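The values are calculated or read from the model by the stated rules, or taken from the named source; none is laboratory data. Please read all numbers here as calculations on a predicted model, not as lab measurements. Cβ coordinates were reconstructed from backbone atoms using ideal geometry, including for glycine residues, and neighbour counts include every protein chain displayed.
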């Protein structure tokens, strides 16, 4: 029996299964059909509308559907309703939120770093890239070649993530080329062909990225056009021309420096030391020609320790530097090229795993030359499809979600380690921590997808201040800064004399045996005040009073609404006991962005959440390793469901879930509403028989019993 005939028979036997509307989706089903026939397997039965609507919302928007959303889909008679829902969800802000969580995990994005301003700008940039559906190859190229200040692009957060650029190279190759080479940083790889020299050859491509944020070179007149390196002109020069050009620039620099005394420059440095602090961790600057050196303990015969290493690709074609390009741009072009099969294969495999629960290649980021996909023909086609879709992840996922295979029931048996899965349907998997959180937000608030922030106005205002501050310093140049420093020297000297006099008095009192502990603390406070006053004077001279005050106060993020607004009509409709429970939940639900309150989606929470909070308890990645999240169950999770946000949803009469239940009539109708809200389906016949007994025994209390049972059970916590 040939594969097309097998697929036709499967479709005829499953009358409720909608035909895949896209030819690319049909092609995938055909390739899977051939594999089923070869393995002697049948596809899983079709999933019901109730299962499918919940799965689509969780997989694409990252949350369960609201009661209204699921009922609207289930009651629709439109034969194209699945394809239309997929398109709607892919275009939603829920998709942006969900995919941000995915990429934040892959890229190890964290705002718990020294350069928090840059980290928050990086988060915003990532959300904007996802929302705009920037092609994946362009997205990666933007990350690799970003250059400048955070006020130019938040993407510099990619380079600021790791202080050690050798480590950064290992993460970059693992994420985008699916190859783990980290072992080769210290020695030849024990399980692959990569040598330590190969590692340093690759590191040479990215080694020139400087993230130390040196700020301004006070020795040169930075505002002079003659003193600014013309990077584009430099790239087009031959080696001899570059050498002559740099020598000329160096001579001009020395001539400028000779105009200013060392004493004056020392004064500028002292004056600007504190003023420049806000500029730390805010830039990434590419330095062409900078090369790594082999470590001192390098032990292989192909080179000596300390030797400089030239850039060279580990596999595939060479990365050729074109005229006008930097070495880093050549590396980015090589990595993201359709001619680089690993790049395309890795992202196609990642997206397949996202849709179906397991990759055609596992692990997704440990590919070797001998790696073979579980279905080679399908993997080849997915790579071709990614290129045809011009690396649009939305277009690619649209094809996957429209396959008949995705529409089938999940495989509930665990695939044994080392065994091949033939994708007779998606794999049953537990929700991620973010999906669980966002589903509780949905039960509490309804659809809040449009609250996903893609622009932080206060952050941009502060970044504008930083950019203007840096531009002002550069425009004044060394001579201008010296003049500003001289104008403030009298006050600086007076302040320092005052501090010195106080220190001398303390030393004298101390020598007499007098206890000067209190006076020492007072002196420290006064010295700090005087230093800040001096710093402020310099900032005012540079920027003016208003902008100087804004800069000194630093970045002040907009405070989220800590508590939901109380609707007076809702309160009036409650009984006295309900009002008491509501107000108790209202007090508990006031955690804001850093707390436990169900006020916003997981993508708007700290990234990652703080240890001990709901998201971390349910396995959210700590972002130390690539995709380091966990879906293992634990006792703290059960306790959190009983006492954390789940309890707020259950006990709060103002939650969307309780409002829907309150509108139902009998206990049986309330429980039916509960099932539709949590599981998008009605109770089965067997469940209804048990529920009837519970209702008979417990009456109205049965609703709370069933709520706790469902919300803590696998039916709710798994993507079916």
Given the conditions (1) buried (at least 22 other Cβ atoms within 10 Å of the Cβ); (2) more than 30 Å from residue 276 (Cβ to Cβ), every one holds for residue 117 apart from (2)
Checked region 119-169 for anything farther than 16 Å from residue 109 by Cβ and touching a strand residue (DSSP E or B) at 6+ places or on another chain (Cβ under 7 Å); matches are 147, 148, 149, 165
Those residues of region 308-331 which are in a loop (DSSP other than H, G, I, E, B) and surrounded by 14 or more Cβ atoms within 10 Å (Cβ to Cβ) amount to 309, 311, 312, 313, 314, 315, 316, 319, 321, 325, 326
Among the residues of region 697-720, the number that are in contact (Cβ under 8 Å) with a residue 12 or more places away in the chain and part of a loop (DSSP other than H, G, I, E, B) is 4
Subset of region 290-307, residues surrounded by 11 or more Cβ atoms within 10 Å (Cβ to Cβ) and more than 31 Å from the chain's Cα centre (by Cα), comes to 293, 294, 295, 298, 300, 303, 305, 307
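I want to confirm something. Restricting to region 402-413 and keeping residues that are within 15 Å of residue 427 (Cβ to Cβ) and crowded, with 21+ Cβ neighbours inside 10 Å, which single residue is nearest to the chain's Cα centre (by Cα)? Step through it out loud before you land on a result.
Here is the first cut: in region 402-413, the residues within 15 Å of residue 427 (Cβ to Cβ) are 403, 405-413.
Then keep just the ones that are crowded, with 21+ Cβ neighbours inside 10 Å; that gives 403, 405-408.
Details: 403: 28, 405: 30, 406: 26, 407: 29, 408: 31 Å.
Going through the qualifying residues, I end up with 406.
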On the phi < 0 side of the Ramachandran plot and surrounded by 15 or more Cβ atoms within 10 Å (Cβ to Cβ), is that true of residue 620? yes
Legend entry - Selection status of residue 627, within 25 Å of the chain's Cα centre (by Cα) and surrounded by fewer than 21 Cβ atoms within 10 Å (Cβ to Cβ): yes
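Going through 121, 184 one at a time, which residue ends up being closer than 30 Å to residue 299 by Cα, in a helix (DSSP H, G or I) and in contact with a helix residue (DSSP H, G or I) (Cβ under 6 Å, 6 or more places away or on another chain)? Before you say what the answer is, go through the steps one by one.
Values: 121 fails: closer than 30 Å to residue 299 by Cα.
184 is the lone residue from the list that is closer than 30 Å to residue 299 by Cα, in a helix (DSSP H, G or I) and in contact with a helix residue (DSSP H, G or I) (Cβ under 6 Å, 6 or more places away or on another chain).
Quick check: anything in region 647-658 out of contact with any helix residue (DSSP H, G or I) (no Cβ under 7 Å at 6 or more places or on another chain), surrounded by fewer than 16 Cβ atoms within 10 Å (Cβ to Cβ) and in a helix (DSSP H, G or I)? Break it down into steps so the answer makes sense when it comes.
Of all residues in region 647-658, those out of contact with any helix residue (DSSP H, G or I) (no Cβ under 7 Å at 6 or more places or on another chain) come to 647, 658.
Subsequent filtering for residues that are surrounded by fewer than 16 Cβ atoms within 10 Å (Cβ to Cβ) retains none.
Looking for residues that are out of contact with any helix residue (DSSP H, G or I) (no Cβ under 7 Å at 6 or more places or on another chain), surrounded by fewer than 16 Cβ atoms within 10 Å (Cβ to Cβ) and in a helix (DSSP H, G or I), one finds none in region 647-658, hence no.
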Quick count over region 153-171, residues being under 22 Å from residue 130 (Cα atoms) and either crowded, with 22+ Cβ neighbours inside 10 Å or in contact (Cβ under 8 Å) with a residue 40 or more places away in the chain (or both), is 9
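What do you reckon, is residue 279 surrounded by 18 or more Cβ atoms within 10 Å (Cβ to Cβ) and at pLDDT 90 or above?
Working: surrounded by 18 or more Cβ atoms within 10 Å (Cβ to Cβ): yes; at pLDDT 90 or above: no.
For residue 279, the condition - surrounded by 18 or more Cβ atoms within 10 Å (Cβ to Cβ) and at pLDDT 90 or above - is not met.
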Of the residues in region 375-392, those that are surrounded by 18 or more Cβ atoms within 10 Å (Cβ to Cβ) and in a loop (DSSP other than H, G, I, E, B) come to 375, 389, 391
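In this structure, does residue 64 turn out to be buried (at least 22 other Cβ atoms within 10 Å of the Cβ), assigned by TED's automatic domain parsing to the domain that holds residue 393 and under 21 Å from residue 348 (Cβ atoms)?
It is false that residue 64 is buried (at least 22 other Cβ atoms within 10 Å of the Cβ), assigned by TED's automatic domain parsing to the domain that holds residue 393 and under 21 Å from residue 348 (Cβ atoms).
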